[in-house]
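The values are calculated or read from the model by the stated rules, or taken from the named source; none is laboratory data. As the structure is a computational prediction, the values presented were derived from the model and not from experiment. Cβ sites come from the backbone with ideal geometry, for glycine too, and all protein chains shown count toward neighbours. For the accessible areas, the whole protein counts, side chains as well, though only heavy atoms, and no ligand, DNA or RNA atoms are used. Shrake-Rupley method; radii C 1.70, N 1.55, O 1.52, S 1.80 Å.
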Amino acid sequence: MNGAIGFSTAKEFREGNAVIAAKDGNGKILWSWHIWLTDQPQEQVYYNNAGTLMDRNLGATSATPGDIGALGLLYQWGRKDPFIGSAMIGDESLAESTIKWPSPANSSIGTLEYTISHPTTFVSYFNDDEEVVLWTISSETKSVYDPCPAGWRIPDGGVWTKATGSHGRSFSYDTTNEGVNFSGIFGSDDVIWYPAAGIISAPGEKLMLVGGYGNYWSSSMKSERWAYHFHYFSLDKEFEPEDSTHCGYANSVRCAKEN
């Protein structure tokens, strides 16, 4: 009404995630918004003035080790709308959803315009170069495609390296809770929990490596269609704070506070 779109939650508040969309008269989606209902995320200050990050993944309803609600959602690089992850902390069974998710789209129709009008469709690869401008580094104005809530943004690629002061460091993987507590490595909080939420592969479009991989996007591009991310694998001896992968994969997001 009058250029505004409103929505309401149920009288009994329930934590969770939703996507709402505005459509034209023909039913085409013009824009969509991710609605994230959770308790107030806490700020965690990282070492070496690396920045302040959330205590949880984007889309998570918990920051507690071993809690399924801590897994959060998964994002293709440059896209503002999420994809669902696992229903279990160490298994690739998909979480419940109220919609039937469409089949993945191939690269022949993977344009920016297409992803806006099809927010729940996984696109294997973009067939143009628009993805390189969808998320922006902190020296630039926050992009409208940045999925983080107001006051937060996708972190730059160097945040984890700056916090640790190195490009690789040993870590202890929690096999019970399927993740890593980076307390004393990233910052001084008692718990800085990074669950191994896994990834959605491209072009396989399959949820995989839940309980094995912790992959976290940055806003920094390495090269055309490749972006930096923080990465650890449960069987490795060291984590990699500035690894990179193809933008077609869907990874976790850990939002950083805007300056």
Given 48-54, 87-93, 70-76, the highest-first ranking by average Cβ count within 10 Å works out to 70-76, 48-54, 87-93
Over the chain, with neighbouring protein chains present, the accessible area per residue in Å² at probe 1.4 Å is 48
Gyration tensor on Cα atoms of the range 69-192, a ≥ b ≥ c root eigenvalues, a/c under 1.5 rounded, else prolate if a/b beats b/c, else oblate, says oblate
XL table 11/142; 100/257; 162/237; 28/80; 23/80; Cα-Cα > 25 Å flagged, in table order, is 11/142; 100/257
Given unit charges at Cβ for Lys, Arg (+) and Asp, Glu (-), the dipole magnitude of the range 1-47 about its Cα centre in debye, nearest 20, is 280
Taking 0.36 nm per residue of separation between residue 19 and residue 208 and subtracting their Cα-Cα distance, the length gained on full extension comes to 65.7 nm
Stretched fully, the stretch from residue 67 through residue 238 gains (0.36 nm per residue minus C-alpha distance, one decimal, in nm) 59.1 nm
Output row, site residue 183, 7 Å Cα→C-beta label point, backbone N cut-off 11 Å, window the range 51-87, residues 65
Under the 7 Å Cα-to-Cβ spin-label approximation, residue 139 and residue 174 lie apart by a distance in nanometres of 3.7
Rounded to the nearest 500, the 222 nm mean residue ellipticity computed for the chain from DSSP H runs (n ≥ 4, each -39500 (n - 2.57)) alone is -1000 deg cm²/dmol
Taking protein heavy atoms only, a 1.4 Å probe, and rounding to whole percent, the accessible area of the chain owed to carbon and sulfur comes out at 50
The base-10 log of I(q)/I(0) that the Debye equation returns for the chain at q = 0.12, 0.16 Å⁻¹, one scatterer per C-alpha, is -0.68, -1.25
Judged on accessible area alone, 1.4 Å probe, highest first, 229, 118, 246 line up as 118, 246, 229
Here the gain from full extension of residue 39 to residue 4, 0.36 nm per residue of separation minus their alpha-carbon distance, amounts to 10.0 nm
